[in-house]
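Working notes, beginning with the structure itself.
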Amino acid sequence: MPASLQLAGYVTLPTALGTLLLVLALYMALELAHRAQNPKTRNERNAWLMAGAAAATCGILSAQVLNLVNVLGPSGVGFHAGLTLFTVLATLLLSAVAARWSFIADAGPPRALIGGAAFAAAALTGQALLVLSLGLLPDIQWNAAGLVLGWLVMAAGFAWALHRLPPRPDGAGFGFCRPQLVSSAMAAAAALIGQSLSVASASLPQSSPVDDPSLLSSVTMGTVASIGVAELLLLMLLACAFESRVRGKLDAVRGAVPGDAFRDSLTKLPSRNTFEGTLSQVLRQADATGKSAVLMHVALDRFKQVNDQCGHQTGDAVLKSVARRLRDLAPPHRAARLGGDEFLVLVDGDDAPDRAKTLAAAILEAMAQPCTVDGRELHVSCSIGMATYPQHGAQSVLITHAAVATRASKAGGGAAYSVFDPRMVNDVRDQAELLNDLRLALSHHQLELYYQPKIHAPSGQVTAAEALLRWHHPRRGMVSPSVFIPIAERSGLINALGAWVIDEACKQARIWRDQGLRMRVAVNLSAQQLRQADLPAHIAAALAKHQINPDLLTCEITESVAMEDTEATLRFFTDLAAVGVHISIDDFGSGYSSLAYLRKLPATELKIDRGFVLDLENSEGARKIAEAVVNLAQALNMKVVAEGEETDGQYQILRRLGYDQVQGFLFAKPMTATALALWASGCEGPRSIQFRESLFQETAMMAA
Ligand code: C2E
Ligand code: MG
Ligand code: MG
């Protein structure tokens, strides 16, 4: 009887063991197929695919070897080592192709069929090569019909199992799954029948004892195919169980973190931690290839205003919209949210610096488009800073340096990009140092109010003085308010400084009044102070404390700040006017005024920006604007002031145009309160100007 026929009739220990291992291996392969369906990265998917292919290969070859040993008898076969190794590799390769094709979520019947056919081809190739490795050529005669039939049966079995592969939710644990066992048992049965058919299609000669020592004996092969494969499969099983456990714990930790620690919960962009992982990887690659990478730091301009004026929900919607635009423009997986209104974008590969600049320009253009939130159009621009690796530092400082460059963009007015320059760090250090010193300035009595006279333009008499803050820095000397006021605003220190200024100015007004000088005093209020709802009450308290009529105080608020058309700003102005103080719109013409809104403001004075005064003598345009401002002020029933006169020509033009007051170096620079009193009384300084009671009759009436 031919050896091949014996197979159908007997179930021996090797065949039973082979069957068991095949079922286990196919169960493992299906298990790994599930894992390949929900990978986090492409590398992870490839690893699961290869492991699944290896499990299938182990099962298929082990069953075949044990069958052959069973068919040909324990002493009658010897396997050629090289060819056997080739068999393993060829089967593994074909199985990997089959797995790649079919181990995907929602694989439809066509994919399952092709995958099944490919697995069957792998099994058949393995079978044929194993038979060839027995060295029985040229005596083997193959029957093509039998081979095709065997392949068809196996293909059907594998395809059925693959098609029944149920989708499994991401993160599902490892455990016994009965349908999976049924599928693997069915596929194993088909594989065994296919094997029998293909072995039967080969007319194998009767086995004869092998005494070639270079061949692997059937005992060795049987041992490897049974014990070796069983151990390998068991190891895989344990590894899968372990991996599931670790993944479950990780998921639990992730779940415990609010939102997702790996993604920003609002914008769904990668979080800072995740991005830093990508950054390390990209910078390592840059090291290896000698190329550079550019880190871009994107921060929204005046985003706080959006939050303050439109509410946090609108702010969140704007952030989401910005994130979407960045994701669309940035290379895949290269945009992240750093926190607040700050984002990061990474550009690597060829010509990274040039591509980063093009991308920055595209981002600025995209941000120029308004965000529509609840049918309302919001304009939010952004500033971008770029730091290049490795030129601008190692990973640890790259984000900081990009952010420093962003600050430079913001300092220039925003809606721009800047490339990092080491000199920028010095600026930032300088600012940080100044802020530290400024914190001590009040308690160390380094602050002083200087006063610059405001002159009644037609008569040339002094009517008021603007209080301008000065900082006597112990090392730097006199620091300009245009340097330290913005620092104080950013840090919140302005509220304390502002309160001190108000109290000090009221105190000085009392002293002058006691000396018989009738002068209105003006103080400057910053944007931050306007957000202090209790500031009008605080001003009222300071006036009461020093017994000053509110009419003697003017609050100057810059046009850009005053024109923030919000309910809160209007409420603040109304409260302030209710205290009885005068309100002046400072630097008028430097911002964008809405005339309709201006009409609503209870302001009593417009102070034209110094820039127009500077050009008065040379520019017809500046003259026309200066004239228009007078007309506007008169139409709105406001007084009009011009600041910054340095020449008599400018002063004469302003007088002709009908300006009520002038304030410039032509008359006097800001000076200490004592110096102003001396200068005004003619004892000191180039000009002696008489005090005029006031432009406002009420002031004259209240002279105590
Ligand atoms: P500002 O309120 O517009 O004050 C007028 C500025 O123009 C002052 O600069 C003044 O010295 C300057 N100035 C006046 N006439 C002339 C002139 O003829 N030529 C030139 N070149 N400059 C002239 P200063 O004192 O450096 O103040 C700058 C800004 O700092 C002020 O602009 C104001 O916005 C802010 N500031 C000053 N003190 C305070 C304060 O106590 N609180 C707040 N929030 N801001 C202040
Ligand atoms: Mg002012
Ligand atoms: Mg001004």
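Things to note:
- Rolling a 1.4 Å probe over the protein chains gives THR672 an accessible area of about 40 Å².
- q = 0.20, 0.21, 0.24 Å⁻¹, segment 548-631: log10 I(q)/I(0) [Debye, one scatterer per Cα]: -0.90, -0.96, -1.14
- Take SER681: with every protein chain present and a 1.4 Å probe, its accessible area is about 70 Å².
- Using alpha-carbon coordinates, inclination of helix 144-163 to the longest axis of the chain, degrees: 40 degrees
- Note on MET236: accessible area is roughly 40 Å² with a 1.4 Å probe, heavy atoms of protein only.
- Across the chain, C-alpha contacts under 8 Å between residues 6 or more apart give a mean separation that, scaled by the residue count, equals a relative contact order of 8 percent.
- Set of lysines near LYS600 by C-alpha distance (under 18 Å), chain-local residues within fewer than 8 positions excluded: LYS639
- Dividing the summed -39500 (n - 2.57) terms of all DSSP H runs of n ≥ 4 by the residue count of the chain sets its mean residue ellipticity at 222 nm at -18500 deg cm²/dmol.
- Of all lysines in the structure, the ones whose alpha carbon falls short of 23 Å from that of LYS507, not counting any fewer than 8 places away in one chain, are LYS454, LYS545, LYS669.
- Segment 527-588 and segment 414-445 have Cα centres separated by 29 Å.
- The share of accessible area on the chain that comes from carbon and sulfur is 58 percent, using a 1.4 angstrom probe.
- Cα pair count fraction exceeding 29 Å, expressed as % - segment 272-420: 14 percent
- Degrees, to the nearest 10: 481-491 long Cα axis against longest axis of the chain: 40 degrees
- The angle between the Cα long axis of helix 567-579 and the main principal axis of the chain comes to about 20°, on a 0 to 90 degree scale.
- Heavy-atom surface of the chain, accessible at 1.4 Å and reported per residue (Å²): 47 Å²
- Taking a sphere under 11 Å around the Cβ of LEU447 and counting the other residues whose Cβ falls inside, with K and R at +1 and D and E at -1, yields a net charge of -1.
- Cleavage-rule hits (trypsin sites (Lys or Arg not before Pro)) in segment 274-337: DSSP loop, at most 16 neighbouring Cβ within 10 angstrom: LYS291, ARG302
- Kirkwood Rh in Å, taken over all unlike Cα pairs in the chain: 32.8 Å
- In a simple Cβ point-charge model (Lys, Arg +1; Asp, Glu -1; nothing else charged), the chain has a dipole of about 1000 debye relative to its Cα centre.
- Nearest-0.05 FRET efficiency for ARG490 and GLN395, computed from C-beta distance (R0 35 Å): 0.80
- Taking a quarter of the surface of the Cα convex hull of segment 433-692 gives a mean projected area of 13.7 nm².
- Modelled this way, with points 7 Å down the Cα-to-C-beta line, the labels at SER280 and ALA541 are 5.2 nm from one another.
- Between GLU243 and LEU595, the FRET efficiency estimated from the beta carbon spacing at R0 = 56 angstrom works out to 0.20.
- Measuring r between the beta carbons of GLU377 and GLN446 and using R0 = 35 Å, the FRET efficiency lands at 0.15.
- Accessible-area rank, largest first, for PHE588, PHE665: PHE665, PHE588, with all protein chains present and a 1.4 angstrom probe.
- Set of lysines near LYS304 by C-alpha distance (under 16 Å), chain-local residues within fewer than 8 positions excluded: LYS320, LYS410
- Extension gain, PHE262-LYS507: 0.36 nm per intervening residue step, less the Cα-Cα distance, totals 82.5 nm.
The values are calculated or read from the model by the stated rules, or taken from the named source; none is laboratory data. The structure presented is a predicted model; accordingly, all values stated were derived computationally and were not measured. A quick note on method: Cβ atoms are made from the backbone with ideal geometry, for glycine too, and the neighbour counts reach across all protein chains shown. SASA here: full protein model, heavy atoms, side chains in, ligands and nucleic acids out. Shrake-Rupley method; radii C 1.70, N 1.55, O 1.52, S 1.80 Å.
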